[in-house]
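Inspection log for the structure reproduced underneath, given as structure tokens.
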Amino acid sequence: MKYRQLTKEQFEGLHKEFAQFLASQQIDAKEWNQIKEDKSHIAEDEMNVFSDVVWDDVLTKTTYLEHFSKTSVNLFKCDDEEIYRIAIKITCDINLLEQKGFEWLMQNPVDNSVEIFKGAKPYKTERNIEVFDLIEKGSTISKGEIFAHFNSLIS
């Protein structure tokens, strides 16, 4: 398995797609229920393969990630060959996890208590695996508006 198995909730949300995936392997609902009962290891394998297909599709389409903590923000742009990072750290008593704190940061990006760093590096391993690792560590997929905002400020 390349990534991790989808959660029960994710499988439920992709019920139709999973049924199509099984159908593409000539497995109908009756046979699937039989496999789950009698050959649970084969059912696990099928679920793992489907999970990898879904993750690969999502990760390939992912360009921007964000990770917020109370005093820092990490913004990532994931290109094909390199990953770009904007790291923002605040040294004042503001909580970036709260709406008020986030709004303060957006309105005061050049305040003395805001430190912004920018960098880029090539991927050490496969791109999608590194993007997946960032998601597993708490980053969320975004549309990139915050990255673009801060990138324009520091470019």
- request: Any chance you could count how many residues in the range 18-43 are surrounded by 14 or more Cβ atoms within 10 Å (Cβ to Cβ) and either basic (Lys, Arg) or in a helix (DSSP H, G or I) (or both)?
  value: 8
- prompt: Would you call Ile94 assigned to a strand (DSSP E or B), free of Cβ contacts under 8 Å to residues at least 60 places away in the same chain and surrounded by 16 or more Cβ atoms within 10 Å (Cβ to Cβ)?
  reply: no
query: Do you know which of the residues in the range 103-113 that are of a type outside the set (S, T, N, Q) and assigned to a loop (DSSP other than H, G, I, E, B) is nearest to Thr91 (Cα to Cα)?
result: Asp111
field: Residue pairs meeting the criteria (Cβ under 6 Å; at least 6 apart or on separate chains; first within 13 Å of Tyr3 (Cα to Cα), in the range 39-64; second among the polar types (S, T, N, Q) and in a helix (DSSP H, G or I))
entry: Leu59/Asn128
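Among residues belonging to the range 124-152 that are of a type outside the set (Lys, Arg) and part of a loop (DSSP other than H, G, I, E, B), point out the one that is surrounded by the fewest Cβ atoms within 10 Å (Cβ to Cβ). Let's see the steps before the verdict.
Within the range 124-152, the subset of a type outside the set (Lys, Arg) is 125-126, 128-136, 138-142, 144-152.
Add one more test, that the residue is part of a loop (DSSP other than H, G, I, E, B), and what stays is 125-126, 138-139, 144.
On the way: Thr125: 8, Glu126: 11, Gly138: 12, Ser139: 20, Gly144: 17.
Only one residue tops the list, namely Thr125.
Residues that are in the same structural domain as Ala87 (by TED's automatic domain parsing), within 30 Å of Asp56 (Cβ to Cβ) and in a helix (DSSP H, G or I): does the range 114-123 have at least one? Working first, answer last.
At the first step, the residues of the range 114-123 found to be in the same structural domain as Ala87 (by TED's automatic domain parsing) are 114-123.
Narrowing the set further to residues that are within 30 Å of Asp56 (Cβ to Cβ) leaves 118-123.
Remaining after also requiring in a helix (DSSP H, G or I): none.
So far as the range 114-123 goes, no, none of its residues is in the same structural domain as Ala87 (by TED's automatic domain parsing), within 30 Å of Asp56 (Cβ to Cβ) and in a helix (DSSP H, G or I).
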message: Filter the range 116-155 down to the residues that are under 17 Å from Glu82 (Cα atoms) and without any contact (Cβ under 8 Å) to a residue 40 or more places away in the chain and list them by number.
response: Phe117, Lys118, Gly119, Ala120, Lys121, Lys124, Thr125, Glu126, Asp133, Ala148
statement: When Val73 is run through (1) assigned to a strand (DSSP E or B); (2) outside the structural domain of Lys89 (by TED's automatic domain parsing); (3) not polar (S, T, N, Q), the failure sits at (2)
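The values are calculated or read from the model by the stated rules, or taken from the named source; none is laboratory data. Bear in mind that the values here come from a model prediction, so they are computed numbers and not experimental data. Cβ atoms come from the backbone with ideal geometry, glycine included; neighbour counts cover every protein chain shown.
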